[in-house]
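The values are calculated or read from the model by the stated rules, or taken from the named source; none is laboratory data. Quantities reported herein were computed from a predicted structural model and do not represent experimental measurements. Cβ sites come from the backbone with ideal geometry, for glycine too, and all protein chains shown count toward neighbours. Areas reflect the complete protein model, heavy atoms only, side chains present, ligands, DNA and RNA absent. Shrake-Rupley method; radii C 1.70, N 1.55, O 1.52, S 1.80 Å.
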Amino acid sequence: MSFDYDLFVIGGGSGGVRAGRLAAEAGARVALAEEYRMGGTCVIRGCVPKKLMVFASGYASAMREAQAYGWDVRMGRFDWPSFRKRLHAELDRLEGIYRTNLGRAGAEIFEQRAVLTGPNSVQLADGRTFTARYILVATGGQPYVPEVPGKELVWTSNEVFLMEELPKRALIVGGGYIACEFSCIFNCFGVETTQYYRGAQILRGFDDESRGHVAELIKGRGIDLHVGTDIERLERRDGGIWVKATDGREATFDAVIYATGRKPNTEGLGLEKAGVELGRWKEIVVDEYSRTNVPSIYAVGDVTNRVNLTPVAIREGAAFVETVFKDNPTKVERDLVPSAVFTQPEYGSIGMTEEEARDERPIEVYCAAFRPMQNSFIDKDERVLFKLIVCTETRRILGCHIIAPNAGELIQMVAVAIRMGATKEDFDRTIAVHPTMSEEIVLMKTPTRTA
Ligand code: NDP
């Protein structure tokens, strides 16, 4: 049977674009449909604009520190509209690069929605239909907001990047990556920031000691963090959003931002029609090669709800092309995925938490929390944290947790060593770079505790 394309990709985000480009470069006839903007969540309303906001917000404390170091600088006001203009120009530029690179590789781009109509067929919003030997679904996810009275008044991460002006008082709901990152960004921008999290401690799933450390830092920076607190209802009142919390607290904010997780974009995609199996969270169920139960249909990235991070989606897209178009079955290793929460300061981690590791085997924990030289000079009371979890038997480093300025950059470097199987003794043999704060990672000689 002949098909219009060898590959039809639905979704122009990190995973879809990488797969489409690599398949086209390998000689496949590729088409890709995207209904919103090329680049997907990461580029348009996720990692990239968030990180640029992190950079922008970081100058607030840099200026205060500069004053303490002797600089004659005065703290001004942050001009969101002017930053926003530049931010969106940058996103337009990046979107253009994505489109150009894909087109240059020879893929055809349809800037409209596509849905599946069968195991080898898709239909565009304008009614055209195409057949393809393989279909790759890479439609990502979208913010999830739980049912709560007044839900229509809240923003999600999607709206934050589009806001016209900064709120004076913001409430962030949630305790995960996005909630903690936005709390820090808003706080640094000078917004009165409150955060409600329903559980006992933010950043569930991360290392307990590190979670506590981040929570202390967040509070120390002036974020009004309430754990064990959720929203009962919201109403528009007196020019603001009035919020009643589950603990009885009442308060009014100019913006309420829900960062309560994301759900896979599978609705209305024709997946049922094509016979594709969905899981409990409406995610596409795939095997280790990203293949669905329908042999011609694959899925990568957040729509499969495995490890929902851009670099993982990109790897999955590349592995799909190796497997399907290069006769080289390739799986993505998901056991040691480093990541960073871009709080201020940042929290970078890789591997196991202390709790996970000690449930499995005997471990040694090395942990140092201290005021780095740059802070102690100006009496800034913010401590960094360096933590290693070591297997007592094999001596291998099972996990590393760093809370420090630029911890995202630091953990990337450590990740290579840990991926290579570094032992504690390898770290010990490594000579320190002095004076740095990260030298501590090779200087921790005595276990803080064993378990
Ligand atoms: P997370 O899953 O990280 O966090 C969701 C938060 O919302 C949790 O604190 C959760 O609480 C809470 N929550 C969930 N449901 C409800 C509810 N019904 N009522 C109240 N609270 C609720 O999701 P995010 O939205 O922060 O981020 C989505 C994903 O995007 C991340 O998991 C990550 O994979 C990715 N991401 C990565 C970033 C990075 O690498 N720096 C940055 C941003 C996003 P509980 O813990 O109790 O379940």
Is there a residue in region 23-45 that is part of a helix (DSSP H, G or I), over 23 Å from the mean Cα position of the chain (by Cα) and surrounded by fewer than 21 Cβ atoms within 10 Å (Cβ to Cβ)?
yes
Take the residues in region 371-386 that are open to solvent by 50 Å² or more (accessible area, probe 1.4 Å) and in contact with a helix residue (DSSP H, G or I) (Cβ under 9 Å, 6 or more places away or on another chain), then tell me which one is nearest to residue 354 (Cα to Cα).
383
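Considering only residues that are among the β-branched types (Val, Ile, Thr) and closer than 26 Å to residue 215 by Cα, look in region 319-370 and name the one that is surrounded by the fewest Cβ atoms within 10 Å (Cβ to Cβ). Break it down stepwise before answering.
Looking only at region 319-370, we keep the residues that are among the β-branched types (Val, Ile, Thr), and these are 321, 323-324, 330, 332, 337, 341, 343, 350, 353, 363, 365.
Next, from what is left, pick out any that are closer than 26 Å to residue 215 by Cα: 337, 341, 343, 350, 353, 363, 365.
Values: 337: 16, 341: 23, 343: 26, 350: 23, 353: 21, 363: 23, 365: 20.
Among them, the one singled out is 337.
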Six or more apart or on different chains, Cβ atoms under 7 Å: show the pairs whose first residue is in region 185-210 and aromatic (Phe, Trp, Tyr) and within 14 Å of the ligand (Cβ to nearest atom) and whose second is assigned to a strand (DSSP E or B) and at pLDDT 95 or above.
196/171; 196/173; 196/226; 196/231; 196/245; 197/227; 206/349
Which one of these is crowded, with 17+ Cβ neighbours inside 10 Å, out of contact with any helix residue (DSSP H, G or I) (no Cβ under 7 Å at 6 or more places or on another chain) and either hydrophobic (A, V, I, L, M, F, W, C) or farther than 30 Å from residue 242 by Cβ (or both): 130, 161?
130
Just one of (1) more than 13 Å from the ligand (Cβ to nearest atom); (2) within 18 Å of the chain's Cα centre (by Cα); (3) not in a loop (DSSP other than H, G, I, E, B) trips up residue 347, so point out which.
(1)
Within 20 Å of the chain's Cα centre (by Cα), modelled with pLDDT of 95 or more and more than 30 Å from residue 16 (Cβ to Cβ): does that describe residue 208?
yes
For region 218-231, which residues satisfy the criterion of being touching a Phe, Trp or Tyr at 6+ places or on another chain (Cβ under 9 Å) and either open to solvent by 20 Å² or more (accessible area, probe 1.4 Å) or more than 10 Å from the ligand (Cβ to nearest atom) (or both)?
223, 225, 226, 227, 228, 230
(1) over 17 Å from the mean Cα position of the chain (by Cα); (2) within 16 Å of the ligand (Cβ to nearest atom): which one isn't true of residue 177, the others all being true?
(1)
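Of all residues in region 307-333, which are out of contact with any helix residue (DSSP H, G or I) (no Cβ under 7 Å at 6 or more places or on another chain) and within 14 Å of the ligand (Cβ to nearest atom)?
Within region 307-333, 307, 309, 311, 312 meet the criteria.
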Checking residue 148 against (1) under 30 Å from residue 86 (Cβ atoms); (2) within 16 Å of the ligand (Cβ to nearest atom), only one condition comes out false. Which one?
(1)
Strands (runs of 3 or more DSSP E) (entirely within region 221-313) containing at least 2 residues that are closer than 30 Å to residue 133 by Cα
262-264, 297-299
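Could you run through region 68-85 and say how many residues are open to solvent by 80 Å² or more (accessible area, probe 1.4 Å) and more than 33 Å from the chain's Cα centre (by Cα)? Before you say what the answer is, go through the steps one by one.
Our first condition is that a residue be open to solvent by 80 Å² or more (accessible area, probe 1.4 Å); within region 68-85, this holds for 69, 71-72, 74-75, 77, 85.
Restricting the remaining residues to those that are more than 33 Å from the chain's Cα centre (by Cα) gives 69, 71-72, 74.
Number of matching residues: 4.
Can you tell me which residue in region 232-243 is farthest from residue 64 (Cα to Cα), limited to those that are crowded, with 20+ Cβ neighbours inside 10 Å and within 16 Å of the ligand (Cβ to nearest atom)? Break it down stepwise before answering.
Residues of region 232-243 crowded, with 20+ Cβ neighbours inside 10 Å: 234, 241, 243.
Now narrow it down to the ones that are within 16 Å of the ligand (Cβ to nearest atom): 234, 243.
Working: 234: 36, 243: 33 Å.
Within region 232-243, the match that is farthest from residue 64 (Cα to Cα) is 234.
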Residue pairs, Cβ under 8 Å, 6 or more apart or interchain, first in region 142-163 and more than 21 Å from residue 308 (Cα to Cα) and at pLDDT 95 or above, second open to solvent by 20 Å² or more (accessible area, probe 1.4 Å) and within 14 Å of the ligand (Cβ to nearest atom). List them.
148/232; 148/233; 149/232; 149/233; 150/233; 151/145; 154/145; 163/155
Members of region 180-217 that are surrounded by fewer than 18 Cβ atoms within 10 Å (Cβ to Cβ) and of a type in the set (Asp, Glu)
192, 208, 216
Within region 275-306, track down each residue that is away from the ligand (no atom under 13 Å from the Cβ), among the charged types (D, E, K, R) and in contact (Cβ under 8 Å) with a residue 40 or more places away in the chain.
288
Conditions (1) part of a strand (DSSP E or B); (2) away from the ligand (no atom under 16 Å from the Cβ); (3) surrounded by fewer than 22 Cβ atoms within 10 Å (Cβ to Cβ); number of the one not met by residue 166
(1)
Please determine whether any residue of region 387-407 is closer than 30 Å to residue 51 by Cβ, open to solvent by 70 Å² or more (accessible area, probe 1.4 Å) and in a helix (DSSP H, G or I).
no
Could you go through region 19-41 and let me know if any residue there is farther than 28 Å from residue 313 by Cα and touching a residue at least 40 places away in the same chain (Cβ under 8 Å).
no
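If I filter region 354-361 for residues that are in a loop (DSSP other than H, G, I, E, B) and acidic (Asp, Glu), do I get at least one hit?
Kept after step one, since they are in a loop (DSSP other than H, G, I, E, B), are these residues of region 354-361: 361.
Subset that is acidic (Asp, Glu): none.
Looking through region 354-361, none of the residues is in a loop (DSSP other than H, G, I, E, B) and acidic (Asp, Glu).
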